[in-house]
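The structure under discussion appears below in the form of C-alpha cells.
Each reported figure results from applying straightforward, stated rules to the coordinates on display, with no laboratory input. Computed from a prediction, not measured in an experiment: that's the story for all the values here. No Cβ is skipped: glycine too gets one built from the backbone with ideal geometry, and neighbour counts run over all protein chains shown.
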Amino acid sequence: MSDPGTLPSDADAQRQANAARRRFLVQVSAAGGAALIGLGLGVHARQAAALPAFAVRPPGALHEAEFLGACVRCGLCVRACPYDTLKLSALGDGVAPGTPYFEPRKVACEMCPDIPCVKACPTGALDHALEDIAAARMGLAVLIDHETCLNYNGLRCDVCYRVCPLIDKAITLDMQRNARTGMHAMFLPVVHSDACTGCGKCERACVLESAAIKVLPIEQAKGELGHHYRLGWEEKARAGRSLLPQDVLELPVRRPGGGS
Amino acid sequence: MSTLTTLTRVPGREAIARKGWLRAHKWLLLRRVSQLGLLLVFALGPWLGIWIVKGTLTSSLTLDKLPLTDPFFLLQAFAAGHLPYREALIGGAIVVAFYLLVGGRVYCAWVCPMNIVTDAAAWLRRRFKLQSARAPSPALRYWLLGAILAASFASGTLAWEWINPVSLLHRGLLFGLGAAWAIVLGVFLYDLLVATKGWCGHLCPMGATYSLLNVTGLPKVSALRRAACDDCLECYAVCPEPQVIRPALKGDASPIVSSINCTHCGRCIDICAQDVFQMTTRFHHRRDGHEQGTDHIVDRLGGGSARPVH
C-alpha cells in the first residue's frame, strides 16, 4: 500500500521505475549468462575441433575445420554405408558428437565405387564433387613404426601391401640390402600419397598387436616443402636441360691437412 | 510470477472427477502418441530394418524422397560460414513452412523427445510439491540463441551441437547414447530441483528458434469460456509457459493465447474442470454475448486475493 503522505501517483511511478529497473537487470544478467555460455562453447569448440588419431572421416569429407561447420550430425551417411563401417560419434567418443567417422583398426572403408555415403549427405559436409573413390583422401597411411614392422625386420609379411586396394600404386615394396644378415634383402613397404585414399585396409590387416602402419589425418602425416624450394632435378627435367650455365660454379677442392 | 506456484494441491483431481480420466488427459495422450510414434518411425529402421525414415530429427529422408532439415541446425551452419546443398535447404524450407502453418512450438510439445523428460520432471515436482526455486528469465533462451550463433560464427562449428540435449537424446536413441545420458539427466535434475520448467520454458535455444516461427500458426488455444474460470490456478501450474495464459484468460481482448511461447500442448484444456479452454484457430475470435456479459461480473467479483498476481 502506498504511504498516506505520498501522492499515489508518485508511489506508482516509483514502483514502475523499480519494476523497469528489475526487468532491465534481469535482461542484462540473461544476456551476460548467454554470452558466457556462448564464449565457453566457442572456446571448447576450438579445443575439441581436432580429430583424434584413431578416427578417420568418410570419403569426400571437407577439411576438419570446415567439416564441423557443415555437418548437421544427421547420420544419413552412416545409414547409407553398406558395410557398417561408418558410425556416428556418441558423446564421450572423443570425436565431435554426432559426426560420422570410422576406426580403420576395427573396420576399414571398402571403397564402394558408387560412394553411397557421399551421395547421402544433404549439406555438402561430404563433397559431392568426389565421384571417383580412388580420388578420396580420407587420410594417409603411414608406416609409423620401423622397429616392429616385420618387413623392416627382414621377414616377408607383406600383408599391408597385399590388402591394399591400390596395390603397387598406394603401397609398393622397396628392396633394400639387409645389413643385419649381410646376405638377405628387406622389402620395405612404402606408401605413396598421390594414390593412398586412407581407406585403412593396411592398418586393419597389420598382423602386429598394435599396427605398425596407421592411417593419419593428411595434415598430420604429410610434411610441406618450403614454397620457395625448387628441386634441381625437377627443374632440369621441365626445362629439358641443366639450368646452370656451364663453368659458373667452381667448388673449392678441400684436401686433408687444410691444404687446397 | 512466484505467486503462480502457490498452488498447494496436485492439479488435475477436479478435472478427472468432473470429466473422467480420459477426457482430463486427452491432449496429453495425443501428444504422447505423437512423440512416441515419431520416435518409433525413426527407430523402425535401426531396430527392425523397416526403413521409412532415415537420419534423425536434425535432417532426415522419408521414403527415400522427402528431405526434412531442422532450421536451427541450418542457422548454425549458416553462422559457421557454410552454405548447405539444395537438398538440405529444401528440407529446411519444408520444415519452416510446416511450422509456420501449425505453429512453431508445436515441435516442442508434439515432436521433441526431451519434452517427455522435462514433463516427467514437472510432474514429479507437482506430485511431491517441490517448492519452486529461482528460474532464469524466459528471455534467456533468445540471448542464448544469439550467443550460439555468434559462437558458431567465431569457431566455425555448429557450436550448440557439442552439448545440445535434444539432438543428443534423439540421436542417442537411434545410434547409441554414449555419455549423452548424463546431459539428459542433468536437464531432468535441473527441471526437478532447480527451476520449474527451467529447460523448455527458459533455456532451450532450439525452442527459441521455434518460438520465432510461432507467429502464423493456424491452431490456437483459446480461453473461449473464460467467464467460467473459477481461479483455481491449475492451468498455470501445468502450463510449460505459464506467462502466456493470463492475457487470454484475464485480459479484455481476444481470448486466444497469442504468445509465441505457447507450445500448443493443450494441457490447460485437459486440466480445466470448467472447460474454459478449447483448441480453436487463430481466426476464431467470437465469444457469445452471454459469456461476455458474465465476464464483467466475474471480473468485478473475482478481484480478491484468489486472483493470480503477476
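What FRET efficiency comes out for B:Val194 versus B:Arg32 if R0 is 45 angstrom and r is the Cβ-Cβ distance? Round to the nearest 0.05. Each step should come with its number before you reach the end.
Details: r = 25 Å, r/R0 = 0.56.
After rounding, the FRET efficiency stands at 0.95.
Once label points are set 7 Å from the Cα along Cα→Cβ at both B:Val10 and A:Leu243, what is their separation, rounded to one decimal in nm?
If labels sit at B:Val10 and A:Leu243, their model points lie 8.7 nm apart.
Just to confirm my numbers, what's the Cα centroid distance between the range A:225-241 and the range B:260-282 in Å?
78
Taking only Cα atoms, what is the 0 to 90° angle, nearest 10, from helix A:8-48's long axis to the longest principal axis of chain A?
The two axes meet at around 10 degrees.
Using a 7 Å offset from the Cα along the Cα-to-Cβ direction at both A:Leu25 and A:Ala65, what is the distance between the two label points in nm, to one decimal?
4.4
So what J values fall out for the range B:105-113 if you push phi through Karplus, 6.51 cos²θ - 1.76 cosθ + 1.60 with θ = phi - 60°, rounded to Hz, Gly and Pro as x?
6, 4, 4, 5, 8, 10, 10, 4, x
What order do you get for A:Arg230, A:Arg105, A:Arg255 when you list them from fewest to most C-beta neighbours inside 10 Å?
Values: A:Arg230 10, A:Arg105 17, A:Arg255 7.
Going from sparsest to densest Cβ surroundings: A:Arg255, A:Arg230, A:Arg105.
Quick one, could you list the DSSP H helices from chain B stretching 15 Å or more along their long axis (Cα atoms) with average Kyte-Doolittle hydropathy of -1.0 or above? Write down the numbers at each step before the final one.
Working: long enough: B:26-48 (31 Å, 1.12); B:86-102 (24 Å, 1.83); B:114-127 (20 Å, -0.16); B:140-155 (22 Å, 1.31); B:289-301 (19 Å, -1.07).
Long hydrophobic helices here: B:26-48, B:86-102, B:114-127, B:140-155.
Please list, in order along the range B:10-25, the HN-Hα scalar couplings obtained from phi with the Karplus expression 6.51 cos²θ - 1.76 cosθ + 1.60 (θ = phi - 60°), rounded to whole Hz, x for Gly and Pro.
6, x, x, 5, 5, 4, 5, 5, 7, 10, x, 4, 5, 5, 7, 10
Every cysteine in chain A with no other Cys Cβ under 4.7 Å from its Cβ, please list them in numeric order.
A:Cys71, A:Cys74, A:Cys81, A:Cys112, A:Cys121, A:Cys149, A:Cys157, A:Cys164, A:Cys196, A:Cys206
Quick check for me: using +1 on Lys/Arg Cβ and -1 on Asp/Glu Cβ, what's the dipole size of the protein assembly as shown about its Cα centre, in debye to the nearest 20? Before the final figure, lay out the partial values.
Values: 59 positive and 45 negative charges, 280 e Å.
With Lys and Arg at +1 and Asp and Glu at -1, about 1340 debye.
May I ask you to derive the relative contact order of chain B, considering only C-alpha pairs under 8 Å and at least 6 residues apart, and to give it as an integer percent?
On the way: 483 pairs, mean separation 75.0, N = 310.
Dividing the mean separation by the residue count of chain B yields 24 percent.
Could you tell me the center-to-center distance, by alpha carbons, between the range B:30-97 and the range A:41-115 in angstrom?
Between the Cα centres of the range B:30-97 and the range A:41-115 lies a distance of 19 Å.
When you look at the Cβ of every residue in B:75-82, what mean number of other chain Cβ atoms sits within 10 Å? Kindly include the intermediate steps, with their values, before the conclusion.
Working: counts 0, 2, 7, 1, 1, 7, 3, 11.
For this peptide, the per-residue mean of nearby foreign Cβ atoms is 4.
Taking R0 as 25 Å, what's the FRET efficiency between A:Ala35 and B:Gln243 from their Cβ-Cβ distance, rounded to 0.05?
Details: r = 24 Å, r/R0 = 0.96.
The pair A:Ala35/B:Gln243 has a calculated efficiency of 0.55.
Roughly speaking, what is the centre-to-centre gap between the range B:174-189 and the range A:194-212 when only Cα atoms are used, to the nearest Å?
Value for the Cα centre distance between the two parts: 34 Å.
If amide hydrogens are placed 1.01 Å from N in the peptide plane, which non-local residues have theirs closer than 5 Å to the one on B:Val53?
Residues meeting the amide H criterion: B:Gly45, B:Leu63.
Between A:Arg15 and A:Val107, what length comes free when the chain is fully extended (0.36 nm per residue of separation minus the Cα-Cα distance, one decimal in nm)?
Values: separation 92, 0.36 × 92 = 33.12 nm, distance 6.82 nm.
The span from A:Arg15 to A:Val107 would gain 26.3 nm if fully extended.
Say each of B:Arg23 and A:Gln220 gets a label point 7 Å from the Cα, pointing the same way as Cα to Cβ; how far apart are those two points in nm?
Calculated label separation equals 6.5 nm.
If you average the sequence gap of Cα pairs under 8 Å that are 6 or more apart and divide by the length of chain A, what percent do you get for the contact order?
Working: 371 pairs, mean separation 42.9, N = 260.
Once normalised by length, the contact order is 17 percent.
For the range B:71-185, what does the convex hull of the Cα positions come to per residue, in cubic angstrom? Kindly include the intermediate steps, with their values, before the conclusion.
On the way: hull volume 16.0 nm³, N = 115.
Taking the convex hull of the Cα positions in the range B:71-185, it is 139 Å³ per residue.
Report the relative contact order of the range B:158-218, percent, no decimals, based on alpha-carbon pairs under 8 angstrom and at least 6 residues apart. Kindly include the intermediate steps, with their values, before the conclusion.
On the way: 22 pairs, mean separation 11.1, N = 61.
Here the relative contact order equals 18 percent.
Using amide H atoms built 1.01 Å from N in the peptide plane, name the residues 5+ places from A:Ala61, or on other chains, whose amide H lies under 5 Å from its own.
A:Asp127
Going by Cβ distance under 4.7 Å, what cysteines of chain B have no possible disulfide partner?
B:Cys108, B:Cys112, B:Cys200, B:Cys204, B:Cys229, B:Cys232, B:Cys239, B:Cys262, B:Cys265, B:Cys272
Quick check: residue separation of A:Ala185 and A:Ala53 times 0.36 nm, minus the Cα distance between them. What number comes out in nm? Before the final figure, lay out each step's value.
Working: separation 132, 0.36 × 132 = 47.52 nm, distance 3.25 nm.
Extra length from A:Ala185 to A:Ala53 when fully extended: 44.3 nm.
Which cross-chain or sequence-distant (5 or more) residues have an amide H under 5 Å from the amide H of A:Ile213, H modelled 1.01 Å from N in plane?
Those qualifying (amide H under 5 Å, at least 5 residues apart or on another chain) are A:Ile144.
Report, in deg cm²/dmol and to the nearest 500, the calculated mean residue ellipticity at 222 nm for chain B, where each DSSP H run with n ≥ 4 adds -39500 (n - 2.57) and the sum is divided by the residue count.
Numbers: 14 runs with 150 residues, N = 310.
One gets -14500 deg cm²/dmol as the mean residue ellipticity at 222 nm.
Summing Lys, Arg as +1 and Asp, Glu as -1, what charge do residues with Cβ under 15 Å from the Cβ of B:Lys26 carry, B:Lys26 excluded? Please report the intermediate quantities before stating the final value.
On the way: positive: B:Arg18, B:Lys19, B:Arg23, B:Arg31, B:Arg32, B:Arg267; negative: B:Asp270, B:Asp275.
So the environment of B:Lys26 carries a net charge of +4.
For the range A:153-170, take each phi angle, set θ = phi - 60°, evaluate the Karplus expression 6.51 cos²θ - 1.76 cosθ + 1.60, and give the result in whole Hz per residue in order, putting x for glycine and proline.
8, x, 8, 9, 6, 6, 4, 4, 5, 5, 7, 5, x, 10, 4, 6, 10, 7
Taking R0 as 51 Å, what FRET efficiency do you get between B:Leu124 and A:Asp132 from their Cβ-Cβ distance, rounded to the nearest 0.05? Present the calculation step by step, with values, prior to reporting the outcome.
Details: r = 57 Å, r/R0 = 1.11.
Efficiency, rounded to the nearest 0.05: 0.35.
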